[in-house]
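As structure tokens, the structure follows; a few thoughts come after it.
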Protein chains: 2
Amino acid sequence: MATMTQRVKWWGWGDPSRNLELKSDFQNYLFDRLNISDRERESAHSLPEILPPNPEVAKSLSGSMEDSDRLAHAAGKSYVDLIRIRKPRIDLAPDAVVWPESVADLNRIFQVSRKEGWAVVPFGGGTSVLRGVEPISGPKKGVVTVNLTRMNRILSIDKTSHTAHIQAGIFGPALESHLSSEGFELGHYPQSFEFSTLGGWIAARSAGQNSTGYGRIEDLVVSLRAITPEGEIVTREVPSSATGPEMEEVLIGSEGTLGIITDAVMRIHEKPDRIFYASYLCSTFSEGIDVLRGLAQKGPVPTIARLSDEPETELSFKQAGADSKLGFKLLKMMGKRAYVEKGAHLLLGYEDQYLSTIGESLRKGDLIKIGKSPGEKWEKTRFDLPYFRDTLMDYGILVETLETATTWSKLNNLYQKVRLSILEAIPNALVLTHVSHIYPEGASLYFTFMADAKGKELETWKRGKEAANRAILSNGGTMSHHHGVGMDHIEGLQEERGPLQMKMLRSMKETLDPNGILNPGKLIPDALS
Amino acid sequence: MATMTQRVKWWGWGDPSRNLELKSDFQNYLFDRLNISDRERESAHSLPEILPPNPEVAKSLSGSMEDSDRLAHAAGKSYVDLIRIRKPRIDLAPDAVVWPESVADLNRIFQVSRKEGWAVVPFGGGTSVLRGVEPISGPKKGVVTVNLTRMNRILSIDKTSHTAHIQAGIFGPALESHLSSEGFELGHYPQSFEFSTLGGWIAARSAGQNSTGYGRIEDLVVSLRAITPEGEIVTREVPSSATGPEMEEVLIGSEGTLGIITDAVMRIHEKPDRIFYASYLCSTFSEGIDVLRGLAQKGPVPTIARLSDEPETELSFKQAGADSKLGFKLLKMMGKRAYVEKGAHLLLGYEDQYLSTIGESLRKGDLIKIGKSPGEKWEKTRFDLPYFRDTLMDYGILVETLETATTWSKLNNLYQKVRLSILEAIPNALVLTHVSHIYPEGASLYFTFMADAKGKELETWKRGKEAANRAILSNGGTMSHHHGVGMDHIEGLQEERGPLQMKMLRSMKETLDPNGILNPGKLIPDALS
């Protein structure tokens, strides 16, 4: 039964055998920036004690109540989750874990849970960074976590329509590997790609690294099936419809509170041979934003677009410079040293090499072309960053990421306000930012903040996170561009939507889950009350 | 007060001074196809008698109860509406018409109507072809039609973000003319463009002739405001969000049953100097579909794509040939006569001339290039077709249009089944079809059917429409691709969505309009019951 337990670290990110060390040059630089004097790494994590379960849950559902399974489903993968899970004692874990293999299994789980009073927590890859999979019982007498990764098949590929019918529990690599063998690609690559599932992406309204080109997950859903405690919903498999309001868009982003997505027909495309990368150094982040706006509005629209602000550029070039011929050394040779120290790295990826060089906005401004290597290197290591978080946490360093989006005319102000508000809340923090997705009318902003938080982990995190949230809401951002709501953005959701939209959401909950068994405490915890 | 009355024909389409005659060659051809022997046109339409109103409605709302205003708001513009409105006596008309100028006006209208028990029918341009604006009182004691066309300003243009904040009651031409003076375009051109409004487009989930390039109306909405009897909803003005389920998508397509959309921030783009057209003749409709699929999936994606089936191609070339050097005459000179008689006309429009010729799929197959003139002529006359319906109706000819969409692999079958089912229901009908919108995973189908229905108008219409609806639902189509639901697609909506999605929709109604004052009888007439 302990499939998941073998697969990922219970105390951190991903493959338990992978441990990414910091290069010493880079570590010195980073610790210096964070005002950390010499400190030892604490990398041994001993299994925590875990509270005994309510045995009735496993019994009624033929589930597992083994400690290893309960631990593997006790938390998501946010900084706060990892702080909690690294403690000697775990107070919150599901009473049982089940691995349904069919819609019939799910219906049985709902039936029993409704009758017995269990809370049902849907679980894909468990990589939520907003506490979306936290096994909270709410008013219920027990919690069963429903791991969907045995519903993991590609049911069919329609090569004429460029669609694939896929079960929700499939992980990213298995999905793309299967599609790739048929010449196709879904092209959805969130940071969590290796350890998250299709159903999780849809439930959390995800976007991935190539979504500027291929669209966000909601753009890729042609139709979906969701099983709710009140029955099944299957949306129509058509490219577009004017047959009334779109209920699919209510299920996408519902984060397991309205139903469990079991399978979906997804838009796929012919897999390109490769992505051609082109990197540029812009004199400022703001200049880079103008370049991206030109590409988004006049084309050619890239498949991948990332623009790091000056601090992120400096840090990433330091990191690259420490172990390659890239970065500082190369640019020093080009005599552009001054530029690098305040420049902003723009990374573009296109399916067509020609396109990566012809954007009108690329020819404007004072861009320095730095070739394809940064992009190619980024592609190879693009899923590694969360491993570094584990390492940094071992040194007592807080690493939090958050993201938002707004229209182009508000983007620079939003960027400054969020950045400054984090720095005000945590004066010694290092705040790094990049634009990760572009649209004709605006773009996303992805913030990473790091700080020495040894011994004051949660209070430091809370100060930074709350400051960022306030700045986002009061400067025209959205509470989340692609991470979702979970438990950390509940107030933000309410403020962003206003009372009447919240009433609509709560009435959806009453309609689909009138007994409130699905994912208590998330998204709309005050529904049914 | 009688703004609208002056603007459009009460008994037909558009500008009362425009009357489009059939060229005699074409008329002979058409009447021959429809088995009509010589028949006189009955083009005099005398004002019908109109039932007296409940005077309390106008009194309580300071509205108009003039006959001319009531008549102008008594029906939409479907064939069934026009048959009804051309009768000597009108049984269904609003008791009063009001023209709110602000959100405060709307709130007052809701307040009074709730208190007094009036039904509120929102009305933009009134061009619904599915009886979406029919002034039905349901269980209420009177009906007020709320004409939104005085809320018709462009509030602001954000040239950086390529967005415009626009009031819902603006008509298409005023909207585009204003944007055009600033170098921008919304690019939404439904057949009704000249006489329909932004709010109507959003409320009915509209698509226009350039939507393959610029996106459907829901793709163009960045944010919107809706006033409901329970308060105001304003969605967040951001390009994309993962902050929970998307409630905007519940209001888009709600057809005035959940709230009244007052204004929206819309995505706009720099207006191209012109559209470059290229027409091709495909050997069959099916070959043309393959070409379109190639363009949709591999590019270059056209701004406009229309592919007529063989009967529609023949008819349109007959019509063009009768009054221009185009069509038959030209193609005869090219020695391709045989081809024309069974060919399918593919019309493409691109912002860039170069793109209109380079699609890989255009080079495959046996396409005959017939140049730019058919497209240029189409552009000039593209909003004229409904005028011809008036003329044909004067001759006792039924003209109905309906549309659907499905994935590419189901498209040919859906086309055949809908076409044949109409022909089975009305053996003498002429059924014309074109693909009007393409997507990577599928396309729309737009059907026009004509038949001699003199003296048996509604029964003939009903036979054809019901047969088409059944064929659409049982062959994987959607009940509507861009016309909406209104009253004619209520059963189709229920069948397409299934009981649980309908329950979701009804709970939205209970939440936003608990007294059921908004647009009774449409979309979800069984809500609140």
- Any chance the range A:160-169 includes a residue that's within 14 Å of chain B (Cβ to nearest Cβ), within 22 Å of the chain's Cα centre (by Cα), touching a residue at least 60 places away in the same chain (Cβ under 8 Å) and open to solvent by 10 Å² or more (accessible area, probe 1.4 Å)? no
- Message: Looking only at the range A:136-147, filter to residues that are over 19 Å from the mean Cα position of the chain (by Cα) and not β-branched (V, I, T); which one of those is surrounded by the fewest Cβ atoms within 10 Å (Cβ to Cβ)?
- Response: A:P139
- Query: Restricting the search to the range A:452-464, which residues are under 15 Å from A:G492 (Cβ atoms) and in contact with a Phe, Trp or Tyr (Cβ under 9 Å, 6 or more places away or on another chain)?
  - Reply: A:G464
- Message: Looking only at residues that are aliphatic (A, V, I, L, M) and open to solvent by 10 Å² or more (accessible area, probe 1.4 Å) in the range A:472-494, which one is farthest from the other protein chains (Cβ to nearest Cβ)?
- Response: A:M487
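So that you can scan it fast, the table gives a plain yes or no per residue for (1) in a loop (DSSP other than H, G, I, E, B); (2) on the phi < 0 side of the Ramachandran plot; (3) at pLDDT 95 or above:
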site	(1), (2), (3)
B:R131	yes, no, yes
B:G138	yes, no, no
B:L155	no, yes, yes
B:P173	no, yes, yes
B:S177	no, yes, yes
- Note on the structure: Over the range B:198-254, the set of residues in a loop (DSSP other than H, G, I, E, B) and more than 9 Å from chain A (Cβ to nearest Cβ) is B:G208, B:Q209, B:N210, B:G215, B:P229
- Condition met for A:I217 (over 11 Å from B:R497 (Cα atoms), of a type in the set (V, I, T) and without any contact (Cβ under 8 Å) to a residue 40 or more places away in the chain): yes
- Note on the structure: Reported set for the range B:291-323 where residues are open to solvent by 20 Å² or more (accessible area, probe 1.4 Å), of a type outside the set (A, V, I, L, M) and in contact with a helix residue (DSSP H, G or I) (Cβ under 7 Å, 6 or more places away or on another chain) is B:R293, B:K298, B:P300, B:E310, B:E314, B:K318, B:Q319
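Yes/no matrix, rows are residues, columns are (1) hydrophobic (A, V, I, L, M, F, W, C); (2) away from every other protein chain (no Cβ under 14 Å); (3) touching a residue at least 12 places away in the same chain (Cβ under 8 Å):
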{"position": "A:K380", "(1), (2), (3)": "no, yes, no"}
{"position": "A:N413", "(1), (2), (3)": "no, no, yes"}
{"position": "A:A429", "(1), (2), (3)": "yes, yes, yes"}
{"position": "A:R463", "(1), (2), (3)": "no, yes, yes"}
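Conditions (1) in contact (Cβ under 8 Å) with a residue 60 or more places away in the chain; (2) more than 20 Å from B:G215 (Cα to Cα); (3) buried (at least 21 other Cβ atoms within 10 Å of the Cβ), marked per residue:
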site	(1), (2), (3)
B:G349	yes, no, yes
B:L385	yes, yes, no
B:R389	yes, yes, yes
B:L423	no, yes, no
B:M450	yes, yes, yes
- Item | Output for the range A:186-205, where each listed residue is of a type in the set (S, T, Y) and open to solvent by less than 10 Å² (accessible area, probe 1.4 Å) | A:S196, A:T197
- Query: So which residues in the range B:262-318 are part of a strand (DSSP E or B) and β-branched (V, I, T), if there are any at all?
  - Reply: B:T262, B:V265, B:I304
- Looking only at the range B:352-378, count how many residues are part of a helix (DSSP H, G or I) and more than 20 Å from B:L307 (Cβ to Cβ). 2
- List every residue pair whose Cβ atoms lie under 8 Å apart, where the two residues are 6 or more positions apart in sequence or sit on different chains, the first residue falls within the range B:117-131 and is within 14 Å of B:L523 (Cβ to Cβ) and polar (S, T, N, Q), and the second residue, located anywhere, is at pLDDT below 95 and assigned to a loop (DSSP other than H, G, I, E, B). none
- Being closer than 29 Å to A:G294 by Cβ, touching a His at 6+ places or on another chain (Cβ under 6 Å) and modelled with pLDDT of 95 or more, is that true of even one residue in the range A:448-462? no
- Message: Quick check on the range B:514-525: of everything there that is open to solvent by less than 60 Å² (accessible area, probe 1.4 Å) and either more than 25 Å from the chain's Cα centre (by Cα) or farther than 19 Å from B:G484 by Cα (or both), which residue is nearest to the other protein chains (Cβ to nearest Cβ)?
- Response: B:P514
- Query: Quick check, is A:T511 within 12 Å of chain B (Cβ to nearest Cβ), buried (at least 19 other Cβ atoms within 10 Å of the Cβ) and hydroxyl-bearing (S, T, Y)?
  - Reply: yes
- Message: Tell me whether the range A:93-104 contains one or more residues that are touching a residue at least 24 places away in the same chain (Cβ under 8 Å), farther than 25 Å from A:L512 by Cα and in a helix (DSSP H, G or I).
- Response: no
- Message: Looking only at the range A:18-41, count every residue that is within 16 Å of A:F388 (Cβ to Cβ) and open to solvent by 60 Å² or more (accessible area, probe 1.4 Å) and tell me the total.
- Response: 8
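Listed here are the residues, each with its yes/no results for (1) charged (D, E, K, R); (2) open to solvent by 10 Å² or more (accessible area, probe 1.4 Å); (3) over 27 Å from the mean Cα position of the chain (by Cα).
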site: B:E49; (1), (2), (3): yes, yes, yes
site: B:M65; (1), (2), (3): no, yes, yes
site: B:L71; (1), (2), (3): no, yes, no
site: B:A74; (1), (2), (3): no, no, no
site: B:V80; (1), (2), (3): no, yes, no
site: B:D91; (1), (2), (3): yes, yes, no
site: B:E101; (1), (2), (3): yes, yes, no
site: B:A104; (1), (2), (3): no, yes, yes
- Task: Name every residue in the range B:379-410 that is part of a strand (DSSP E or B) and closer than 30 Å to B:E40 by Cβ, in order of residue number.
- Result: B:I397, B:L398, B:V399, B:E400, B:T401, B:L402
- Of the residues in the range B:220-269 that are of a type in the set (D, E) and over 20 Å from A:A296 (Cα atoms), the one that is surrounded by the most Cβ atoms within 10 Å (Cβ to Cβ) is B:E255
- Task: Output yes when any residue across the range A:427-447 is of a type in the set (A, V, I, L, M), surrounded by fewer than 19 Cβ atoms within 10 Å (Cβ to Cβ) and out of contact with any His (no Cβ under 8 Å at 6 or more places or on another chain), and no when none is.
- Result: no
- Message: Pull out all pairs, ordered by first then second residue, where Cβ-Cβ is under 8 Å, the residues are six or more apart or on different chains, the first lies in the range B:233-262 and is basic (K, R), and the second is modelled with pLDDT of 95 or more.
- Response: B:R236/A:T478; B:R236/A:E496; B:R236/A:R497; B:R236/B:S223; B:R236/B:T243
- Could you tell me whether B:A468 is in contact with a Phe, Trp or Tyr (Cβ under 9 Å, 6 or more places away or on another chain) and assigned to a strand (DSSP E or B)? no
- Query: Are there any pairs with C-beta distances below 7 angstrom linking a residue in the range B:490-505 that is of a type in the set (S, T, N, Q) to a residue that is open to solvent by less than 20 Å² (accessible area, probe 1.4 Å), with the two at least 6 apart or on different chains, and if so which?
  - Reply: B:Q494/B:M502; B:Q501/A:I233; B:Q501/A:M247
- Message: So in the range B:391-421, with the set limited to residues that are open to solvent by 20 Å² or more (accessible area, probe 1.4 Å) and closer than 23 Å to B:R205 by Cβ, which one is farthest from the chain's Cα centre (by Cα)?
- Response: B:K410
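The values are calculated or read from the model by the stated rules, or taken from the named source; none is laboratory data. Computed from a predicted structure; not experimentally measured. Every residue, glycine among them, receives a Cβ derived from its backbone with ideal geometry; neighbour counts consider all protein chains shown. When the accessible area is computed, the model is the full protein with side chains, heavy atoms only, and any ligands, DNA or RNA have been set aside. Shrake-Rupley method; radii C 1.70, N 1.55, O 1.52, S 1.80 Å.
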